[in-house]
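Contents: one structure, followed by commentary.
The values are calculated or read from the model by the stated rules, or taken from the named source; none is laboratory data. Here the structure is a predicted model, which means the values were calculated and not measured. Virtual Cβ from ideal backbone geometry, glycine too; neighbours counted across all protein chains shown. In case anyone asks, the SASA skips ligands and DNA or RNA and just uses the protein heavy atoms, side chains included. Shrake-Rupley method; radii C 1.70, N 1.55, O 1.52, S 1.80 Å.
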Amino acid sequence: MSQVIILRPQPAAGRTAARVAALGLCPLVHPLFAPQPLDWTPPPTEDFDAVLLTSANGVRLAGPGIGRYRSLPTYAVGEATALALVQAGFADVTAGTADGSMIAARIARDGHRAILHLGGRHVAPLDPGPLRIDRIAVYAMNEAPQAAALPATIEPGDILLIHSPRAGERAAALLSPLARETLHIVAISPAAALAAGDGWASVQSSAQPQDDAMLALAARLCK
């Protein structure tokens, strides 16, 4: 059976692996990046109408400074990030179902304008519309020690789950053209698929940026 290679960082990689195994597929966790917290200075709460988080890592690695914003309406790009916020004590949390641009549009419709975005050093671009978004990096994704060993872990026919454009770029850089033509890509978004480049056996992106949608595509490839 083909392996489903999970390249996203921990702890999210472990959750994805459990879903893969529950489908009767063969997961292999090989994170390309590891999140590390950054020092940051929380700006005054009164400067903002709302807070935006585009990754659960932003909640988990922001440290105690994030707590001062619990009184503000808070928006999460997806359900996993929203859950992390609730677990961190945030009460007014709205979860998006697509990408950063979609949740930004929701924030604007709700009447907010001055937004604090706590995220990673590298963030996917989003359309701010009428919003003034102040971005602060609270974590960085550094290359994981085992990343360079990716070519030794794969076999022809394996499926690589690409959860971000940066992971797509790095996977393409690590794997030779000869290896890529035997491997399948399932990406979380068209942007992540595009970042992986060409030369793969197949490239698909999920209709929704969620694990379940990605794994449905991976399961079909394993049949």
Q. Does Ala137 satisfy the criteria of being assigned to a strand (DSSP E or B), of a type in the set (Gly, Ala, Ser), open to solvent by 20 Å² or more (accessible area, probe 1.4 Å) and out of contact with any Asp or Glu (no Cβ under 8 Å at 6 or more places or on another chain)?
A. yes
Ala144 vs (1) under 30 Å from Pro42 (Cα atoms); (2) open to solvent by 30 Å² or more (accessible area, probe 1.4 Å): all pass except (2)
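Looking at Ala76, Ala12, Ala50, Ala104, can you tell me which residue is in contact (Cβ under 8 Å) with a residue 60 or more places away in the chain, in contact with a Leu (Cβ under 7 Å, 6 or more places away or on another chain) and surrounded by 17 or more Cβ atoms within 10 Å (Cβ to Cβ)? Quick ask: steps written out before the conclusion?
Numbers: Ala76 fails: in contact (Cβ under 8 Å) with a residue 60 or more places away in the chain; Ala12 fails: in contact with a Leu (Cβ under 7 Å, 6 or more places away or on another chain); Ala104 fails: in contact (Cβ under 8 Å) with a residue 60 or more places away in the chain.
Only one candidate passes the filter, namely Ala50.
Arg166 - would you say it is open to solvent by 50 Å² or more (accessible area, probe 1.4 Å), modelled with pLDDT under 95 and closer than 27 Å to Ala219 by Cα?
Details: open to solvent by 50 Å² or more (accessible area, probe 1.4 Å): yes; modelled with pLDDT under 95: yes; closer than 27 Å to Ala219 by Cα: yes.
The answer is yes for Arg166.
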The correct count of residues that are of a type in the set (D, E, K, R), closer than 28 Å to Ala140 by Cβ and not in a helix (DSSP H, G or I) in region 158-205 is 0
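Quick grid of which residues meet (1) out of contact with any Leu (no Cβ under 7 Å at 6 or more places or on another chain); (2) on the phi < 0 side of the Ramachandran plot; (3) not acidic (Asp, Glu):
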{"position": "Gly129", "(1), (2), (3)": "yes, no, yes"}
{"position": "Arg132", "(1), (2), (3)": "yes, yes, yes"}
{"position": "Pro151", "(1), (2), (3)": "no, yes, yes"}
{"position": "Ala172", "(1), (2), (3)": "yes, yes, yes"}
{"position": "Val186", "(1), (2), (3)": "no, yes, yes"}
{"position": "Ser202", "(1), (2), (3)": "yes, yes, yes"}
{"position": "Pro209", "(1), (2), (3)": "yes, yes, yes"}
Within region 107-134, the count of residues that are open to solvent by less than 80 Å² (accessible area, probe 1.4 Å) and part of a strand (DSSP E or B) comes to 9
Going through (1) surrounded by 15 or more Cβ atoms within 10 Å (Cβ to Cβ); (2) among the hydrophobic types (A, V, I, L, M, F, W, C); (3) farther than 23 Å from Ile162 by Cβ one by one, Phe33 fails only at (3)
Quick count over region 174-223, residues being open to solvent by less than 30 Å² (accessible area, probe 1.4 Å), free of Cβ contacts under 8 Å to residues at least 40 places away in the same chain and in contact with a Lys or Arg (Cβ under 8 Å, 6 or more places away or on another chain), is 2
